[in-house]
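Reviewing the structure listed below.
The values are calculated or read from the model by the stated rules, or taken from the named source; none is laboratory data. Being a predicted model, the structure only gives us computed values, none of them experimental. Neighbour counts are summed over all protein chains in view; Cβ atoms, including those assigned to glycine, are modelled from backbone coordinates with ideal geometry. When the accessible area is computed, the model is the full protein with side chains, heavy atoms only, and any ligands, DNA or RNA have been set aside. Shrake-Rupley method; radii C 1.70, N 1.55, O 1.52, S 1.80 Å.
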Amino acid sequence: MKKIITIIMLSIMVISCKEEEMEKESLTKDEVKLSKENESNMLYFATTDELKMFISEYNESETDLLDEAKRMSEEGRYNSLLLVYNLEADEAKGMGINEEEVPVVSSDDDMLLLLLNQKGEIGIEDKIFRIDGEFVYSYSQGNSDQINDFLSVYNNGGVQINKGETYKFSNELSVYMHPNKVEKQEKKTSAKGATSYVYFNSNYRMKARQYNGYWLFYSSIGAKTKVEKRKRFLWWSWWNTVKTDNRLEYQLSYRVDSTFGFPSVTLNTSGHKYCYCNSANKVYDWSVGFPAAPNIYVPLEGQTKHWAHWYSANPNTVSITLNY
């Protein structure tokens, strides 16, 4: 009997030890993940399925993404480009953000800008993707210094790369020249353009925008309406997003081209977005993938209608229709 009791007690001790080891192992993995996120100060997704879930949850919840970007920053998680692009000069300075070091990501897709941190980075599986200017960099952790090495060679004519092509600079760094237009300056266009600014007065304006882009790991097509307020300091002037009543209606057809070589398909979509928000933003379609997103979206024909209200202005409502 004593032998049986001894065996039972030893079995319980072994099981307890194993459970404790498993708990420690699990805790260690969580700590490593949190440490990795805190060190890089960016979003990290172990799989593309995690990234898809993240995007889907936000799209389905109709969350105001700029408000979410502010919340994430206040919680100390990371500063997204969506937040950085909407900071006032004194706010950016107070957060230690150097305007000259902020990357250029020419997209009006709030989701893409929310995914990227203030360096234009996001972690997916075992790579870090960085968007800046005309390139999407994909590199292994700890090898970001190779980006400057590449740019030095590229700017001196040592590397030839075309839009839509990927250049493997080293085992740790690949460089993709994305096909999207890099807009260095704002452009006012007619109603048939992709972007239009309609002014309430000299200090407030509505920005109507249609967008589509392919960024290697992410692609999308959509439209948005938002209002911006002019900020002035001495001889400098810039625009910041302000919350108000924004409206968007859309009806269009678009083509989906496969990066895997499947036949293209044409889809139709229509609907509206009315909200008191930072922007009435609607993503019609999107895709993500590693090492590359499967779809490229091309608008064919249709239109978007944009309205916005700023009640202290006279007139207090502006609108415009953009044709694809």
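For the range 113-138, a tally of residues being in contact (Cβ under 8 Å) with a residue 40 or more places away in the chain and either in a strand (DSSP E or B) or of a type outside the set (A, V, I, L, M, F, W, C) (or both) returns 17. Give the residues of the range 301-324 that are touching a residue at least 60 places away in the same chain (Cβ under 8 Å) and part of a strand (DSSP E or B), sorted by residue number. The answer is 304, 306, 307, 308, 309, 318, 319, 320, 321, 322, 323. Just wondering, is there one or more residues in the range 145-154 that are over 18 Å from residue 291 (Cα atoms), assigned to a loop (DSSP other than H, G, I, E, B) and open to solvent by 50 Å² or more (accessible area, probe 1.4 Å)? For the range 145-154, residues over 18 Å from residue 291 (Cα atoms), assigned to a loop (DSSP other than H, G, I, E, B) and open to solvent by 50 Å² or more (accessible area, probe 1.4 Å): absent.
Taken over the range 155-167, residues that are open to solvent by 50 Å² or more (accessible area, probe 1.4 Å) and either within 21 Å of residue 294 (Cβ to Cβ) or not in a strand (DSSP E or B) (or both) amount to 8.
Reported count of residues in the range 252-267, each being surrounded by 14 or more Cβ atoms within 10 Å (Cβ to Cβ), of a type outside the set (D, E, K, R) and in a strand (DSSP E or B), is 5.
Residue 104 satisfies every condition listed in (1) of a type outside the set (Lys, Arg); (2) outside any helix (DSSP H, G or I); (3) closer than 21 Å to residue 181 by Cα; (4) open to solvent by less than 50 Å² (accessible area, probe 1.4 Å) except (4). As a summary of the residue check, residue 129 satisfies the conditions (1) surrounded by fewer than 18 Cβ atoms within 10 Å (Cβ to Cβ); (2) under 27 Å from residue 221 (Cβ atoms) except for the one numbered (1). Scanning the range 247-300 for residues that are in contact with a helix residue (DSSP H, G or I) (Cβ under 7 Å, 6 or more places away or on another chain) and free of Cβ contacts under 8 Å to residues at least 12 places away in the same chain turns up nothing. Only one of the numbered conditions (1) touching a Leu at 6+ places or on another chain (Cβ under 9 Å); (2) under 28 Å from residue 51 (Cα atoms); (3) surrounded by 16 or more Cβ atoms within 10 Å (Cβ to Cβ) is violated by residue 302, and that is (2).
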